[in-house]
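Bear in mind these aren't lab numbers, they're just calculated from the coordinates by the rules spelled out. Quick caveat: nothing in here was measured; it's all calculated off a predicted structure.
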Amino acid sequence: MTPSTAKQRAATLHDVARQAGVSLATASRVLNGSTRKVADSYRERVEAAAADLGYSANLSAQATARGTSATIALLVANIADSYFSEIAAGVAHAAEEHNLVATIGITERSPEREARLIRSLRGQRPRGIVLAASRHTSQHSEALTQALAVLESDGARIVTLGYGAEGVSSRVVGIANYGGTRELGERLGSLGYRKALVLAAAEGLLTSDDRVAGFSEGFTAAGGSAPTILRDSLTRDAGYSLMEAALQVGVEPGTVVFGASDVMAFGAMSAVRDAGRDVGDDIAIAGFGDIETGRDIVPQTHNHSSPLEQRGRAAAGN
């Protein structure tokens, strides 16, 4: 073998073992993360040889040695939604701090799609999986429960945001969907608002339903009338369309509009302006999440702040 050929060929574990003067099994235990202890002198020789040869560990071999790989998976409804992208940022940062690789899958709030993604992830032997897509009361999926149970039996840790997953012992990172919005509704009622319009997802989506219930209870407790509730989906365009339709029917000055997500609130704000109405003293806007992009919205919306990046970090750290 010529020197040029040796440079072109990627170093193998056999090469590392030979240069370090150890057995192949010892080199594998050091570089592939086996739980079996290796003497420090051998470990140092193997690590030095690997660095000298530019050896890159085989992820499949690591997964076999450890039982899991150095990856965690995050499943979100829609990564383009700032709500989920901020959670993803937190997961990615926490993964980096723990020398893990984060992968992301998009569920579009479909339990069937979620189950397919989880089944495909099994081959990667992830150390953990974070489920950030909201649960739906009317969409229990036996396929999803089974896929999670199999992953759990393989040793993967399952973490959910807001609500637990059925059929497995998932760890839950709480989000104040009900309590936070109840406080928001009560605060707005105490400011003198007496009429409210709520823009939410179709009934059955747990995050939306809890936010609607919390806001409505807090607002009426503070003296406001029962809010009018309009439903579609938790998107900016849905917020715009619902608000546009409400304005055509008629929205009294002094009404506060609560979007069950910040992006819905932003869509409603645009619809108010496009209709020639003023955001603020005429029609007030409130949302949930306090996402980072909302800092540039003028005037500022009334919000319940949920530090989403911190929630993502907490989920990955579980």
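A few points about this structure:
- For ALA165, the residues whose amide H sits under 5 Å from its own are SER170, ignoring neighbours fewer than 5 places away on the same chain, with H placed 1.01 Å from N.
- Rg and Dmax of the stretch 86-181, both derived from C-alpha coordinates alone, stand at 13.3, 40 Å.
- Global size of the stretch 145-287 as Cα Rg and Dmax, reported in angstrom: 17.7, 58
- Taking N as its residue count, the alpha carbon Rg of the stretch 190-251 over 2.2 N^0.38 Å: 1.14
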